[in-house]
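**Student:** This is the structure, below, for whatever I ask next.
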Amino acid sequence: MFNIGDKVQKITDGRIGVIKSVNSFSDNHYQVLFDNSELVYVSVDILKPYQEIKTPLEAFSNFQFGGVDDYRRIMTFQRLAGGLTNMFYSMNNTLTEYLPHQFLPVTKFLQSPEERILIADEVGLGKTVEAMYIWKELEARRNAKRLLIVCPAALREKWKRDMENLFAIHAEIVKADKLLETFQLIKKNRNREQFAYICSMESIRTKKTDSFENIEMLNRAFEEFSSDYSEYAFDLVIIDEAHYLRNRETANFKTGSRLRDISESFVLLSATPIQTGSDNLYSLMNLLSPERFENERTFNYMLKKDSVYIKLANCLQRFSSTKEDFERILETEYVDYDNELINEIRNNEYEAFNSKEKRMSYAEGLRSQVFYNNLFNRTRRRFVFENTAKRKPYAVEFSLSENEMDIYDRVTGLVRNMSRGRSEIITFALIARQRQMASCLPAAFKDWKSKYEEQDSFIKDSDDDDYVIEFDDGNEEALTESKKIYKDLKAFYAKVVQKFPDIRFEDLKKHDSKFNEFLKSIKELISDNPKEKIIVFSFFRSTNEYLEKRLEEEGVSAVAIKGGMGKLKDELLERFRDVDSINVLISSEVGSEGLDLQFASVEYNYDLPWNPMRLEQRIGRIDRIGQKAEILRIYNLCCQNTIEDRILERLYERVKIFENSIGDMEDIVGQPIQELALEILDPKLTDADRNEKAEQKIQFLINQRLMNNKLEEESGVLDEYREMVLNSIEKAKTNKRCIDENERIFIIKDFIKNYYPGTTFFKDKDNPAYYKIELSEDAILAFREFRRAEHIEKLTAIDSHRETTLAFLMNKGEKRRRNCEIADLDHPIFDWIKWTVKKNPIKSIGCSAITIKANASIKKGSYIYYIQKWIKAGVEKSSELKYFIGCVDDGSFLSSDDSEKIMNSIISTGESLIDAAIRLDNFEPFYNCAQNVINYAWDNFDNFTNAYKRKAKTVYNKQVDFVNFTADRKIKTIEESIEKLKAENRGQKVILMNEKHIEKINKERDLKLKVLEKEQFLEPELSDLAIGVLIVE
C-alpha cells in the first residue's frame, strides 16, 4: 500500500511521518520516522497518505488533527508576537500589585493612533506604574529599546528605585552631556543603542538666562533629529509632573515639544493638569498633539461642541432620567443628527432606558466620542475604590499676641502699599512675602534680614520654595519671574529692616504663639501613640528649617526633606518610616513631590496654600494606594485674629476641600481663589469689603460643589459604571489575555524541544517558580548570532556555558537570588524565540483534537472550537483574537467570554485526545456543528463590521468638521488682513502673498479630507487561526 519515502499521517493522533521500511515479519506494519525523530512500527490500518493542508478548515474537512502541542504552538506564537491590541503584555509580567484601574490608560494608549496620552489620574492612584506598563507593552509589541523619563530633580531617585524594584529595569540618571553622547551613538549605530534614562527637566531645558554649552548643543541635536532623521531618538518619552509645562511660552514647554518630536511615543503625567482654568488643559493637549490641537480657539470650539456627548452620557447614567430628558438635551444642544450612535439610542429607547447594561454601554460609547478622549485618561479615587480612608479635618486655632499682631498689621500695610499699581507678578511676589510672615513670623524676619544683607545674591535654579510664586505652583516660569523681581523684593527687605530695627529673632522665637499651639497639638498625639508618624507641610523653606530646629530643642524627634537632597532624602525617609522614635517628617511640596507616605495617616498644614492644587498634592502624599488607616487626620494651623487665615480656612472648610479631593471642581476653583488673594491685598478695601468678597467667592464654590454632588447622587455611575469599566479589565485577566508564568515556561520548553533538544531546562528543587537553564553549544552559537543580528544589548548570562537561574514568578518585596534573572517577556530569551520561530517556523496545521476536564464554564460533552483573528484599520486600528465554541450535542453556543477563557486555559491545562479516529468515529455531527460554528462566527464578524462602519462615519464627520473649522478660521483671519490692506490701498505684494497662503491652506485641507475619506472606507479583515474538536470529560 505504501512505498519507502512516502509521507503518511497517523489517523489516531494526526502525527506526520515518512515510511522508512516494511516489516519483513508482518505485511501490515511499516517503520515510520515521525517529525519528532521517533522511529516506530505502525499498523497500516491507522495510516493514511498525507495530504498537504494549507488551512485549518481544510485540515478539519480531511480529518487531519494535531494534538494539544500543535494548538499551543499556534496560540502562543500569536500571543507572543506582540500584535494583539486586546492583550496586556504588562499584566502578570511585573512585580507590581494587580489593580485593574491601572490598565485603563494602557488600553487608551494602545487604541490611540498617535501613541500619545496624558495620564491625569488623581493623586495616589499609581501614574508611575501606569506609565511603566505602557513601556512594557512597547517592549513586547515592537521591541522598544530607548526610554527617557523626564521628571523634577527631586523625583529622579524614586523613579530609579521603582523601576528596579517593580519592573527589574536598571535605569541610569543622566544629564545633558550623557544625552549628547547617546545622540551621537544613535546617529552612528542607528537601531543598536538601548537604554533607560532618567533626567530632570532643569538639566536639559534652555532659557535665555542660561549659557550652558552642553544644553545649547543638546537643543541643536533635538532640532537635527526632528528635521534630518527618519528614525526617532527615543521609543518612549515620559514627562512626570507635566503641569510644569502648561505655559506655552516657557523653556519647559519648548523642551517638551522638542522631546515629543523625536520620540515615537509620548506620555505626560499630572495629577493636577488644570491649575487655574481650561487653558491649562489645552496647553498640555497641544503639547501632546499639535496637529490635532493647533490653536486654542479650535480646541474650545470642539470642547463646547462635544459637551453634548458628556451631557447625554450623564443623562443615561442617572437612573431617574427618562427618554424625555434625553430628547430635551437633543433639542437644546447642537447635535450632529447623522450620529449613528445617537440614532441607535433613539431607535432603541425602551432598551436604552430600561436595561442597566445598555445604559452603561451607551453612556461609555457617547463619552468615547469626545474629541480628545483617546489622548486623555482621568481616573478618580471614587471611581476606583468603594471604601477609601475618610479625610477628617481639625482646626488648630491660635491667636497672635498683641506684639505679634502689631508687627503683622504693619508688615501687611507695607505689602499693600507697595503693591499699588504694580504688575500682577510683583503683587503675587509681595503676597508671598505676606504669606511667609503668616507661615512663621520669626523665620520670616530672620530670612528677610538675611536676604537684605546678602544684597547681590543670586537665586539658585533649584526648588527654593520661598521665591517661587505660590500661585504658579513652583513652575519654571515662576522661578524665572522670581529672578526678575528680585530687585523689587530688595526694596521690601530694606523697608522691613528700616521700619523694624528693634525686632530680634530670639524675642519672636521665645513668644511664638503659632509654634506653641502646634507643639501642644503634636505632643498630645505622640503621648497617645509614641510611634505616631506625622507629616508637617509648609510652603516656605525658612519655616521648615525653623520647625526642624525648634522641634529638636523641644525633644521631638524629626527629620526634614527638601528638593535637591538626592539620595540623602531617601535615607531620611527610610529612617522616618522604620525608626519608631522619629515621629515627625517636615517637608515642602517640592520636597515631597511624588513620594509615597501612605504609612502615615496624620498631616499638619503649618500654613495653607492659596492654590488648592497644592493642598491636594499635600494630602495625596498619605491618601494613596496602600493606605491602611480608616481615617486620615488633617490638622490645619489657623490664626483667629488675621483676616487672611480666617478667610482661607473658612473657604476650604465650607467648600469641603479638606474632606474630598477637588475632583470635578478642579477647573473652577483655581481662578476664583487666585482673584480672592489679590482682592484681600487691595489697600482700597476695608476688612468688611474683603469679607464680603470672600463670602461671594465661597458661595460660588459651594454652589458648584452642591451641583456636582447632586449630579453624582442622581447618577448610578459610582457603582454600575465603575463595575462595567473595571470588569472589562478584570475580564482580560480572567480570560488570560496576558502571558502568565506557566505560559512563559511552556514557550521555553516547547522551543527547546523543537529547536535545541540538547539544552537543559528544569524546575529548581528549592523554589517551583525558579527554573535552571543551560544552553547547548549550538543554542549558544545561535543565541549569539541573534544578538549580533538584532543588536540586543540586554544583560543575560544564558550564553555563558553555565547553568543560569530564571525566576518566572516573584512577589513584591521578595529578595532576588544572586545570579538570578527575571524571566519576564522583556528577557532576551523571548526575543530570541520570536526571532527564530519567525525565520524558521514549525509547521502547524491549526486543527487539533483536545480534551479537558469539565469546570464551571463548560460541562461534559463534545464541542467544536473555532478561532479567528479580526483586524481593523482606518480611523481605529486593532487586532484581536475571537473565540467561538459550539456544542455538538445540543447545538448551543458558549458565550464569547467563556469561549475565550476556556481556549486560553487549554494552553496550560489541555491534553491531546488519544485515539481521535476511534473517539470521533461518527464524524458527521462534528462536521455539521463545525459548519454552524463557522456561520455563527461570520455573523458576529458582520455585526462587528457594521458597528465599526457606524463609528468610522461618526469619527470621520467629526474629523472633517475639525479640519474645515481650522482651515476656515485661518482663511478668515487672512481675508480680514487682505481687506484691511486693500482699504488702506497698500501692500500689494503682501496681498498676493496672503492670497497664495489661502490657496495653500485649501490644498492642505483637500489633502487631509482625501486621507480621511480613504480611511473611512477601510473595512475590517479576518483570518482563520484554528479549529478543532474539544472533548470535555
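**Student:** Can you confirm whether Glu340 is farther than 20 Å from Arg248 by Cα and surrounded by fewer than 19 Cβ atoms within 10 Å (Cβ to Cβ)?
**Tutor:** Working: farther than 20 Å from Arg248 by Cα: yes; surrounded by fewer than 19 Cβ atoms within 10 Å (Cβ to Cβ): yes.
Yes; evaluated as a whole, the condition is true for this residue.
**Student:** Does Asp240 count as buried (at least 21 other Cβ atoms within 10 Å of the Cβ) and among the acidic types (Asp, Glu)?
**Tutor:** Numbers: buried (at least 21 other Cβ atoms within 10 Å of the Cβ): yes; among the acidic types (Asp, Glu): yes.
Yes.
**Student:** How many residues are modelled with pLDDT of 80 or more, part of a loop (DSSP other than H, G, I, E, B) and either over 15 Å from Lys970 (Cβ atoms) or among the charged types (D, E, K, R) (or both) when one looks only at the stretch 286-307?
**Tutor:** So the count comes out to 1.
**Student:** Sticking with this structure for a sec: Restricting attention to the stretch 493-504, does a residue exist that is touching a residue at least 12 places away in the same chain (Cβ under 8 Å), among the hydroxyl-bearing types (Ser, Thr, Tyr) and surrounded by fewer than 19 Cβ atoms within 10 Å (Cβ to Cβ)?
**Tutor:** Within the stretch 493-504, the subset touching a residue at least 12 places away in the same chain (Cβ under 8 Å) is 493-497, 499-500, 503.
If we keep only those that are among the hydroxyl-bearing types (Ser, Thr, Tyr) as well, we get 493.
From the residues that got through so far, the ones that are surrounded by fewer than 19 Cβ atoms within 10 Å (Cβ to Cβ) too are none.
No; the residues of the stretch 493-504 include none that is touching a residue at least 12 places away in the same chain (Cβ under 8 Å), among the hydroxyl-bearing types (Ser, Thr, Tyr) and surrounded by fewer than 19 Cβ atoms within 10 Å (Cβ to Cβ).
**Student:** Given the residues Ala854, Ala849, which is the only one that is modelled with pLDDT of 90 or more, within 25 Å of Ile902 (Cβ to Cβ) and touching a helix residue (DSSP H, G or I) at 6+ places or on another chain (Cβ under 6 Å)?
**Tutor:** Details: Ala854 fails: touching a helix residue (DSSP H, G or I) at 6+ places or on another chain (Cβ under 6 Å).
Exactly one of Ala854, Ala849 is modelled with pLDDT of 90 or more, within 25 Å of Ile902 (Cβ to Cβ) and touching a helix residue (DSSP H, G or I) at 6+ places or on another chain (Cβ under 6 Å), namely Ala849.
**Student:** Here are the criteria: (1) surrounded by fewer than 18 Cβ atoms within 10 Å (Cβ to Cβ); (2) of a type outside the set (A, V, I, L, M, F, W, C); (3) under 24 Å from the mean Cα position of the chain (by Cα). Tell me which single one Glu397 does not satisfy.
**Tutor:** (3)
**Student:** Then there's this: Considering only the stretch 530-628, give the helices (runs of 4 or more DSSP H) lying wholly within it that have at least 2 residues that are basic (Lys, Arg). Spell out how you get there, then give the answer.
**Tutor:** Numbers: elements: 541-553, 567-578, 589-592, 612-619.
Fully inside the stretch 530-628 and qualifying: 541-553, 567-578, 612-619.
**Student:** Name the one entry in Ala140, Ala154 that is among the small types (Gly, Ala, Ser), assigned to a helix (DSSP H, G or I), in contact (Cβ under 8 Å) with a residue 24 or more places away in the chain and over 26 Å from Ile619 (Cβ atoms).
**Tutor:** Numbers: Ala154 fails: over 26 Å from Ile619 (Cβ atoms).
Just one listed residue meets the conditions, Ala140.
**Student:** Here's something else I'd like to know. Could you pull out the residue among Ile582, Ile586 that is of a type in the set (Val, Ile, Thr) and either over 38 Å from the mean Cα position of the chain (by Cα) or buried (at least 22 other Cβ atoms within 10 Å of the Cβ) (or both)?
**Tutor:** The match here is Ile586.
**Student:** Out of the residues in the stretch 314-329 that are basic (Lys, Arg) and part of a helix (DSSP H, G or I), which is farthest from Lys356 (Cα to Cα)? Quick ask: steps written out before the conclusion?
**Tutor:** Filtering the stretch 314-329 down to residues basic (Lys, Arg) leaves 318, 323, 328.
From the residues that got through so far, the ones that are part of a helix (DSSP H, G or I) too are 323, 328.
Values: Lys323: 14, Arg328: 21 Å.
By that ranking, first place goes to Arg328.
**Student:** Also, I was wondering about something else. All but one of (1) under 27 Å from Gly846 (Cβ atoms); (2) in contact (Cβ under 8 Å) with a residue 40 or more places away in the chain; (3) in contact with an Asp or Glu (Cβ under 9 Å, 6 or more places away or on another chain) hold for Val44; which doesn't?
**Tutor:** (1)
**Student:** Looking at the stretch 925-955, which of its residues are surrounded by fewer than 13 Cβ atoms within 10 Å (Cβ to Cβ) and modelled with pLDDT under 90?
**Tutor:** Listed by number, the list holds a single entry, Asn946.
**Student:** Do the conditions hold for Arg788, that is, is it touching a Leu at 6+ places or on another chain (Cβ under 9 Å), of a type outside the set (A, V, I, L, M) and either under 23 Å from Asn93 (Cα atoms) or not in a strand (DSSP E or B) (or both)?
**Tutor:** Working: touching a Leu at 6+ places or on another chain (Cβ under 9 Å): no; of a type outside the set (A, V, I, L, M): yes; either under 23 Å from Asn93 (Cα atoms) or not in a strand (DSSP E or B) (or both): yes.
No.
**Student:** Right, something else. Could you grab me the full set of residues in the stretch 139-178 that are closer than 23 Å to Glu231 by Cα and touching a Leu at 6+ places or on another chain (Cβ under 6 Å)?
**Tutor:** Restricting attention to the stretch 139-178, the residues satisfying the condition of being closer than 23 Å to Glu231 by Cα are 139-150, 171-172, 174-178.
Scanning the stretch 139-178 gives Ala140, Ala144, Leu147, Ala176.
**Student:** What residue, among those in the stretch 349-373 that are modelled with pLDDT of 80 or more and more than 18 Å from Ile310 (Cβ to Cβ), is farthest from the chain's Cα centre (by Cα)?
**Tutor:** Among them, the one singled out is Tyr350.
**Student:** Further question on the same structure: Quick check on the stretch 232-242. Is at least one of its residues part of a helix (DSSP H, G or I), modelled with pLDDT under 85, within 18 Å of Tyr372 (Cβ to Cβ) and of a type outside the set (Asp, Glu)?
**Tutor:** Within the stretch 232-242, the subset part of a helix (DSSP H, G or I) is 242.
Going one step further and asking which of them are modelled with pLDDT under 85, we end up with none.
Looking through the stretch 232-242, none of the residues is part of a helix (DSSP H, G or I), modelled with pLDDT under 85, within 18 Å of Tyr372 (Cβ to Cβ) and of a type outside the set (Asp, Glu).
The values are calculated or read from the model by the stated rules, or taken from the named source; none is laboratory data. A quick note: this is a predicted structure, and the numbers were derived from the prediction, not measured. Every residue, glycine among them, receives a Cβ derived from its backbone with ideal geometry; neighbour counts consider all protein chains shown.
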